[in-house]
1. Treating the angle as unsigned and between 0 and 90°, give the value, to the nearest 10°, between the Cα long axis of helix 40-59 and the longest Cα principal axis of the chain.
2. Given the -39500 (n - 2.57) contribution per DSSP H run of 4+ residues, what per-residue ellipticity at 222 nm results for the chain, rounded to the nearest 500 deg cm²/dmol?
3. Could you give the angle, 0 to 90 degrees to the nearest 10, between helix 201-213's Cα long axis and the longest principal axis of the Cα atoms of the chain?
4. Just need the relative contact order of region 100-241 here, percent rounded to a whole number, with Cα pairs under 8 Å and 6+ apart.
5. Within the accessible area of region 79-141, what % is carbon and sulfur when the probe is 1.4 Å and the other protein chains stay in place?
6. Report, to the nearest 10°, how far helix 174-184 tilts away from the longest principal axis of the Cα atoms in the chain, using its own Cα long axis and a range of 0 to 90°.
7. What percent do you get for the relative contact order of the chain when only Cα pairs under 8 Å and 6+ apart count?
8. Counting every Cα pair in region 163-234, what percent are over 20 Å apart?
Amino acid sequence: MEFSSHAAVHSRNGDCTLVIMAKAPKPGVVKTRLAQILPLSAVVELYRCLLDDTMALASSLDDVDVAIMCPESDVEDLSRAVGNTVPIVAQSGDGLAAGLTSVFAHFAAAGRRIIAFNSDSPHLPVSMLKRAFQALAQCDVVVGPTHDGGYYLVGAKAPHPGLFSDDGLGTANAFEAFLARARALGLSMHLTDPFYDIDVATDLSRLAAELRLVPARAPRTAKWLMEWSGAVPPAQSVGEG
């Protein structure tokens with residue numbers, strides 16, 4: 001199946017779309033900070049597991065359309081990685097800010113609620129995604145902060161030029177910078193509960209501890225973590241530093 005920026009979302013007859021922000025699973029491109037403790041091949045396989053489990057989480061939402069947004073150069077590789085399960089749409093421009101801007105420029109339509117979601121939080125309770133969509137019915141923007149100062153989801157019902165900027169994205173100030181831009185645009189906001197994504201070794205330790213108790217939350221990732229348990233720091237190190 002061929003995918004392009006004109007790919008259509010297969011409608012489930014709802015008014016909600018969840019767009020997963022993804023990259024092609026390539027060495028040196030995904031989860032780069034984890035290469036400090038893992039071989040590049042293992043990092044790539046971990047990312048594949050995270051993405052697979054994220055897609056499974058997304059597909060569990062009733063009446064929510066699902067798509068993937070990625071850099072144009074990654075469309076072909078991602079189509080091979082995930083098959084024809086969801087449309088894969090190429091973003092306009094380079095970088096995460098361009099990708100997020102592309103999500104709402106491409107998918108927004110009258111009455112639709114759109115949420116962009118990262119590809120490395122498959123352990124997020126599905127109830128949090130449902131509440132985010134519910135909140136978006138009553139406000140302009142919904143955003144989910146991460147514990148490290150970023151955000152794991154952002155939603156809107158229309159494109160808002162200037163809402164996303166590369167300034168601060170990927171840093172501990174990303175969430176605060178986003179809030180400042182949303183306030184400057186006069187947008188009403190709802191904040192979901194804080195959560196965490198998988199960027200560094202302590203995140204992986206925390207996830208491993210959680211999935212040992214409830215592997216069904218992200219089964220592919222849980223299996224990977226069992227196989228690589230010797231390389232993942234012990235859970236006691238979570239929160240240190």
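1. 50 degrees
2. Rounded to the nearest 500, the figure is -11000 deg cm²/dmol.
3. The angle comes out at about 80 degrees.
4. Dividing the mean separation by the residue count of region 100-241 yields 25 percent.
5. Working: 1200 of 2370 Å².
Carbon and sulfur atoms account for 51 percent of the accessible area of region 79-141.
6. The two axes meet at around 10 degrees.
7. Relative contact order here is 21 percent.
8. Counting every Cα pair in region 163-234, those more than 20 Å apart make up 49 percent.
The values are calculated or read from the model by the stated rules, or taken from the named source; none is laboratory data. Nothing here was measured: the structure is a model prediction, and the numbers come from that model. Quick note on the areas: whole protein, heavy atoms, side chains included, nothing else; ligands and nucleic acids left out. Shrake-Rupley method; radii C 1.70, N 1.55, O 1.52, S 1.80 Å.
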